């Protein structure tokens, strides 16, 4: 599922709160407001209660009756009012709904939710977020073999910039479809052709940025695999003396020595492969920046 995209300039704690509560932000877009407004019990709901009270007093004075029936009605109505009162009870000031609502007003225009993207843009944004997650979650990044500091700064900025462009593409595509409704005359088609080419060129440029991120993620994944393989070979090498001793004791040295000797060569090759993979990832990073 797509997460909320937040401008990197928004404070980190606010951005995290927004990412965790995308559906709430979408509700705010539809006009829902968790802040209290108006009285807890509507004034219109109090009018029938006042009328029943007056009627009870009049019946008691004119007939001498106890007004038990009307009093019962008043009691039932008071219970209904109590339920309305509880249902309209405002959320605490420090509730997630109210805190997030205030942040959404303060940082309006600096976060993007699912409804800001059309279907093709959602697919591209999903690719962006998957690539970023693979890079940030990699072992080579955690171990500092990549530039983890630059990753933590550059990747959110790239996600925001791509998402911002995708929202513009989504809005322009929707407007273009609206203008094209009802058919096109040759004159209208000729006038719209340059706009369609501009739209296609812009979309291709955004797709190229997405693919650059995905290339970086693939290089990082290769470096992760090389790192895992190197670890396995090093573990085997740590036990190599035991194997050599066993081979010597059983007299099988002439059969096994060449094969065991290749472990060191494998380790050296994997070490070089790891260096190459990390270097390729760094080069992909520079390409991404440029």
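With respect to being closer than 18 Å to residue 221 by Cα and more than 23 Å from the chain's Cα centre (by Cα), residue 144 fits the description. Answer with yes or no whether residue 144 is at positive phi and not assigned by TED's automatic domain parsing to the domain that holds residue 279. For residue 144, the condition - at positive phi and not assigned by TED's automatic domain parsing to the domain that holds residue 279 - is met.
The values are calculated or read from the model by the stated rules, or taken from the named source; none is laboratory data. These figures come from a predicted structure and were not determined experimentally.
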